[in-house]
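Okay, structure first, notes after.
The values are calculated or read from the model by the stated rules, or taken from the named source; none is laboratory data. Computed from a prediction, not measured in an experiment: that's the story for all the values here. Backbone-built Cβ (ideal geometry, glycine too); neighbour counts: all protein chains shown.
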Amino acid sequence: MKGILRLAYKLLVNDKAKFTALLLGITFAVFLMIFVTSMFSGALNHACATVINIGASLWVMDPAVETVSNSVGMPDYVLDAVRSMQGVKYAVPLYSGGALVKLSDGSYQSVTVVGLDDTSLFGRPDLIEGKIEDIYAENGFIAVRDAEFPKLQNPHVGSELELNDHRGVIVGIAKVTTSGLYGLPTLYTTYERAIQYIPNPRYTISYVLVEPKSTNDIPRIKQQVEALGYRARTKKEFMQKTADFFIYETGGGTNILIMTAISFIVGLSISGQTFYSFILENLERFGALKAIGTKSRDLVGMILFQATFTALTGYGLGVGLCALLIWLAKLRLPIYAAMITYGNLAIAFGLVVVIAAVSSYVAIRRVLRIEPFDIFRG
Amino acid sequence: MPNVAIQAIGLFKWFGEGEAKTMALREVNLEAQFGEMVYIVGPSGSGKTTLLSVLSGILRPNDGKVLVEGVDIWGLSSDRLADFRLGKIGFVFQDYHLFPRLSTAENVAIPLILKRKGWDEAIHEAEKYLDIVGLKSRAELPPVKLSGGEQQRVAIARAMSGQPDILILDEPTASLDGDTGSAILSFVHKNVLNKDRCILVVTHDERIYEFATRILKMEDGRLRGSQERAA
């Protein structure tokens, strides 16, 4: 069989024009499919920035919360109640909200303010400048150096800003894993300062961050939180909840589905058509092989090998091209939200397998139908 | 090895049904021995190619039997029939049907590769057959770079590489000029035909009749006569 597959390989790659067209078709389709889905994945990842950066195992929230950036304030007793629940190691409050910053040149900039628990500073970012304890200093804020950082006019330790008529001082510069989706710079401070500086409704706790004693306690904690009238979600569940909102509630998912389907159809059309014409061009020779004594299963094996080889090579090239372009884009635009996930790769791979299967099915039908007698008749 | 290579008994073959029914073979009986080079001649549409296809296990007859070395080939399963063709029959098609994207040696090696020989061994062996047909120096070239006569010789080398007991040539001179056609058939007669091999040739080119051991004439799907020749 090895020799027969090598024969199939040579028949395929030696026809350079057709092989190039086939590869281009698959590569282009894979590139489009992965590019489109990775842009969406990148946007979803940015939408979950706070969940990722804070890193808590369990988040307690109002049942109406759809995404991490749209929190609904909870009364203080929720924090006390959660702290007293069985299986809870500790629980801390988190503030997450928006504010308007007046910069030194008099212009205004919207920012996201994250208020960390005053005692533990749970969820604090890694500092690249300054000391974390300075967050307790008067008017202390930590600025996050991400793609939005320049919007605060590139502050440094000691820079001053005005936040809702309160003086603020940058005491540290931090880095985080993921920057936000909405293009807003992020400032970290203590929970108490956050609720003091930012006008709030009656209830001020955005989330209660919970560390369970063990992962086995999570279902029990969830039950107790639910009995209280709130929801406890793991980090993964909260990210999924946020993703579901963007996929199903915003039309984003439908758009991505349509784009992916178009990419798939383009790839299938180009590759299917080219592969079919490659088979048609060689039909008489396949007939000659049949006459010589090639079994049908060997012919099927040859065609499947050709289709699989083309599909996998095109898939690799498509993934590589997509990764290269995203890398180049991120070099120029740090905010560029595209991320290739295993899920994107799996979707594209599945669709490439479908392209290869459809192309080879059509080709196999044609080749198996040819009668060697037709070769004699000319 | 029994001396009878091919025996056809009461072969009938028709195409279509009802008013569209066309009889291609009508009760054809023939016998070909090893060491013979049998020509099947006749006008276009007389059933020559159909007979060749039925005899070589490519086209199933509607009635009758084909015995090759005593084996009823149309009683074999499709896989066994494919194995039979690969092991016993060598084909030289009218249009050669060489693969233009493969080298000449790779084309000749195809039957060997189908017989599951290793690639390198098959190519090495193919080069020996190319040497026999005088084209060893062209082994690396694609067939499209060769003349018509050379391509015909490559097709013969490919047919020979499977070491078949029966060689089938369909209109071998149809695409060649007179001299080249004669040279090819002379070569086949001298170098390919032997006492353990039977060669069937379909042609209506009278210029190459001189190489035949026997000539069978076909007309309207029937064998009308046989002419022995001292080739």
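Below is a table of values for the structure above.
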{"quantity": "Single residue of A:Ala329, A:Ala337, A:Ala346 found to be more than 30 Å from A:Gly3 (Cβ to Cβ) and not in a helix (DSSP H, G or I)", "calculated": "A:Ala337"}
{"quantity": "Residue check, B:Leu114 among the aliphatic types (A, V, I, L, M) and within 8 Å of chain A (Cβ to nearest Cβ)", "calculated": "yes"}
{"quantity": "Cross-chain or 6+ apart pairs with Cβ under 8 Å, segment B:167-190 first and within 12 Å of another protein chain (Cβ to nearest Cβ), then assigned to a loop (DSSP other than H, G, I, E, B) and of a type in the set (Gly, Ala, Ser)", "calculated": "B:Ile168/B:Ser56"}
{"quantity": "Test: residue in segment A:273-285 that is at pLDDT below 85, more than 21 Å from A:Asp374 (Cβ to Cβ) and among the aromatic types (Phe, Trp, Tyr)", "calculated": "yes"}
{"quantity": "Conditions (1) buried (at least 21 other Cβ atoms within 10 Å of the Cβ); (2) at pLDDT 90 or above; (3) farther than 22 Å from A:Lys175 by Cβ: number failed by A:Phe40", "calculated": "(2)"}
{"quantity": "Whichever residue in segment A:4-39 is more than 18 Å from B:Pro100 (Cα to Cα) and not hydrophobic (A, V, I, L, M, F, W, C) and, among such residues, is nearest to the other protein chains (Cβ to nearest Cβ)", "calculated": "A:Gly25"}
{"quantity": "All positions within segment A:215-246 that are free of Cβ contacts under 8 Å to residues at least 60 places away in the same chain and of a type in the set (A, V, I, L, M)", "calculated": "A:Ala227"}
{"quantity": "Output for segment A:256-301, where each listed residue is within 11 Å of chain B (Cβ to nearest Cβ) and aliphatic (A, V, I, L, M)", "calculated": "A:Leu283, A:Ala288, A:Leu289, A:Ala291, A:Ile292, A:Leu299"}
{"quantity": "Conditions (1) assigned to a strand (DSSP E or B); (2) within 17 Å of the chain's Cα centre (by Cα); number of the one not met by B:Ile58", "calculated": "(1)"}
{"quantity": "Test for B:Ala159: is it under 25 Å from B:Leu86 (Cα atoms), modelled with pLDDT of 85 or more and either basic (Lys, Arg) or within 19 Å of the chain's Cα centre (by Cα) (or both)", "calculated": "yes"}
{"quantity": "All positions within segment B:40-75 that are within 14 Å of another protein chain (Cβ to nearest Cβ) and of a type in the set (Lys, Arg)", "calculated": "B:Lys48, B:Arg60"}
{"quantity": "Out of A:Thr294, A:Thr310, sole residue that is modelled with pLDDT of 85 or more and touching a Ser or Thr at 6+ places or on another chain (Cβ under 8 Å)", "calculated": "A:Thr310"}
{"quantity": "From B:Gly35, B:Gly64, B:Gly90, residue being assigned to a loop (DSSP other than H, G, I, E, B) and not aliphatic (A, V, I, L, M)", "calculated": "B:Gly35"}
{"quantity": "Tally of residues being touching a residue at least 40 places away in the same chain (Cβ under 8 Å) and either in a helix (DSSP H, G or I) or in contact with a Cys (Cβ under 6 Å, 6 or more places away or on another chain) (or both) across segment B:152-166", "calculated": "10"}
{"quantity": "Only listed residue being assigned to a loop (DSSP other than H, G, I, E, B) and either within 21 Å of the chain's Cα centre (by Cα) or of a type in the set (S, T, N, Q) (or both), chosen from A:Asn53, A:Asn45, A:Asn70", "calculated": "A:Asn70"}
{"quantity": "Number of the condition not met by A:Lys222 [criteria: (1) buried (at least 17 other Cβ atoms within 10 Å of the Cβ); (2) within 30 Å of A:Val36 (Cα to Cα)]", "calculated": "(2)"}
{"quantity": "Residue in segment A:242-261 that is closer than 30 Å to A:Phe305 by Cβ, in a helix (DSSP H, G or I) and of a type in the set (Val, Ile, Thr) present", "calculated": "yes"}
{"quantity": "Considering residues of segment B:83-97 that are under 30 Å from B:Leu176 (Cα atoms) and within 7 Å of another protein chain (Cβ to nearest Cβ) only, the residue surrounded by the fewest Cβ atoms within 10 Å (Cβ to Cβ)", "calculated": "B:Asp95"}
{"quantity": "Checklist (1) in a helix (DSSP H, G or I); (2) buried (at least 23 other Cβ atoms within 10 Å of the Cβ) applied to A:Gly272, failing item", "calculated": "(2)"}
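Okay, residues lined up against (1) buried (at least 19 other Cβ atoms within 10 Å of the Cβ); (2) closer than 30 Å to B:Leu167 by Cα:
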residue	(1), (2)
A:Glu284	no, yes
A:Gly301	no, yes
A:Pro334	no, no
A:Ser359	yes, no
A:Val362	no, no
